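Undergrad: Handing you this structure, nothing more for now.
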Amino acid sequence: MTKREISEIKTLLKSPKKVVIVPHKNPDGDAMGSTLGLYHYLKMFNHNAIVIAPNDYPEFLKWLPGDESVLKYDSDKTKADQLILSSDIIFTLDFNALNRTGDMEGVLTNTEAIKILIDHHQQPDSYAKYIYSDVSMCSTCQMIYHFIDMLGDIKAINANISTCLYTGIMTDTGSFRFRSTTSTTHRVIANLIDNGANNAQIHNNVYDTNSYNKLQLLGCGLNNLKLISNLNTAHITLSQKELNTHDYKKGDTEGIVNYALSLKGVKFAVIFIENQSEGIIKISLRSKGNFDVNRFAREHFNGGGHINAAGGRSELSLEKTVEKFISILPTYTNDLKS
Ligand code: 5GP
Ligand code: MN
């Protein structure tokens, strides 16, 4: 983002505006942390701001300050459409293409509002007037911190903003352990703690609120773990039947794929999760080092993301999807073995 663009945005935000802030579908900690963090910032300057999420998010994020103000597009479409069509500015956070908002894509394409994209995913589309894209960033939440800083408002970062941004940085970095975590990330985190983020409480709220069923489902996933040791790859499946048995709730499968990646020597880990109501297999891909799962997901599973974390989908059955995956793998032998 250039200095000129920043100064244009500053001018734009000088008087109260109608602002809609949108995360991607199936919002995660970074998506909700960044949208709500920005929401609290804009509210401080008397903007009429609202977060509209394409659909609901996991229970372990429902304590975030401002959670009660979030509108869900899939359950409040008429009101959401009105707000989007009459807004002055739309921030789209933590995604790189409008189709990542599911059913909101149409109205977001049609609205005349000025769009501002802030995101750290690879290959952003060019639908927005202002684009702040940085794939080296660990999280969109860290970018929101830098964005507020660029606008000259670092002192405005209060406890609510800090709490939201801390949460997204924490979840998108696997609690500050992924490669994308830099010394700057730690400095930002330190400032957020100084400004009121209660770090121990946030970790507890997100990670220590598991249900019994969630842990049983994790056990089931680990039981289904397969290791392809000659290709340093591991994968996990969860069928709809297994999800039903453990009374699956949104968010219950989050993080399971990381257990596959934690196997000694494994560079590439994938989880395949059956979703009967959508008629798809949802795929989460993770890697260590230079194996590019964004590329893999784009080329084979209609998805994308980052080099070390991406998502995708398949319309084949669970079995056929895994078969397809296993048949593709050998073409990556050099990358997976090096
Ligand atoms: P997850 O596996 O946790 O759903 O997603 C991993 C990363 O890839 C996240 O940053 C997420 O936003 C991104 N991602 C997930 N699914 C898709 C997809 O279908 N398309 C694209 N472009 N990115 C995705
Ligand atoms: Mn993110």
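The numbers here are math on the coordinates, done by the rules we state, and not lab data. What you see is a predicted model, and the numbers here were worked out from it, not measured in a lab. Because the Cβ atoms are built from the backbone with ideal geometry, glycine has one as well, and the counts that use them run over all protein chains shown.
Undergrad: If packing is taken as the average number of other Cβ atoms within 10 Å across a peptide's residues, how do 196-207, 290-301 rank, most packed first?
TA: Working: 196-207: 15.4, 290-301: 19.2.
Taking the mean over residues of other Cβ atoms within 10 Å, the ranking is 290-301, 196-207.
Undergrad: I would also like to ask the following. Taking a ≥ b ≥ c as the square roots of the eigenvalues of the Cα gyration tensor of the range 23-139, is the shape rounded (a/c under 1.5), prolate (a/b larger than b/c) or oblate?
TA: On the way: a/c = 1.26, a/b = 1.06, b/c = 1.19.
Judged from the Cα gyration tensor, the range 23-139 comes out rounded (a/c under 1.5).
Undergrad: From the helices alone, meaning DSSP H stretches of at least four residues, give me the mean residue ellipticity at 222 nm for the chain, per-run term -39500 (n - 2.57), in deg cm²/dmol to the nearest 500.
TA: -11500 deg cm²/dmol
Undergrad: Further question: Taking the Kirkwood radius as the inverse of the mean 1/r across Cα pairs, report the Rg/Rh of the range 82-202.
TA: On the way: Rg = 15.3 Å, Rh = 15.3 Å.
Ratio value, two decimals: 1.00.
Undergrad: If we count other beta carbons within 10 Å of each Cβ, what is the order of Asp247, Asp119, fewest first?
TA: Details: Asp247 13, Asp119 26.
Result, fewest neighbours first: Asp247, Asp119.
Undergrad: With +1 assigned to the C-beta of every Lys and Arg and -1 to the C-beta of every Asp and Glu, and no other charges, what is the dipole magnitude of the chain about the Cα centre in debye, to the nearest 20? Before the final figure, lay out the partial values.
TA: Numbers: 35 positive and 36 negative charges, 134 e Å.
For this selection, approximately 640 debye.
Undergrad: Moving to a separate point now. Of the DSSP beta bridges with both residues in the chain, give the percent that are antiparallel, rounding to the nearest 5. Provide the component values of the computation, followed by the final result.
TA: Numbers: 19 of 44 bridges.
Antiparallel: roughly 45 percent of the beta bridges in the chain.
Undergrad: Shifting gears a bit: Say we join alpha carbon atoms closer than 10 Å with springs in a Gaussian network model of the chain; which of Thr163, Thr321, Thr35 then has the biggest fluctuation?
TA: Highest fluctuation among the options: Thr321.
Undergrad: Checking the table Lys18/Lys129; Lys14/Lys155; Lys72/Lys129; Lys18/Lys155; Lys282/Lys324 against a 19 Å threshold on Cα-Cα, which pairs fail?
TA: Numbers: Lys18/Lys129 17 Å; Lys14/Lys155 17 Å; Lys72/Lys129 25 Å; Lys18/Lys155 23 Å; Lys282/Lys324 14 Å.
Violating the 19 Å Cα-Cα cut-off are Lys72/Lys129; Lys18/Lys155.
Undergrad: Consider just the alpha-carbon atoms of the chain and return their Rg together with their Dmax, both in angstrom.
TA: 19.9, 60
Undergrad: Can you tally the net charge around Asp88? Count Lys and Arg as +1, Asp and Glu as -1, for every other residue whose Cβ sits under 10 Å from the Cβ of Asp88. Let's see the in-between values first.
TA: Working: positive: Lys17, Lys18; negative: Glu112.
Charge balance in the 10 Å sphere: +1.
Undergrad: Further question: Determine the sum of side-chain charges near Val257: Lys and Arg each +1, Asp and Glu each -1, restricted to other residues whose C-beta is under 14 angstrom from that of Val257.
TA: Details: positive: Lys226, Lys267, Lys282, Arg286, Lys288; negative: Asp28, Asp252, Glu254.
Neighbour charge sum, excluding Val257 itself: +2.
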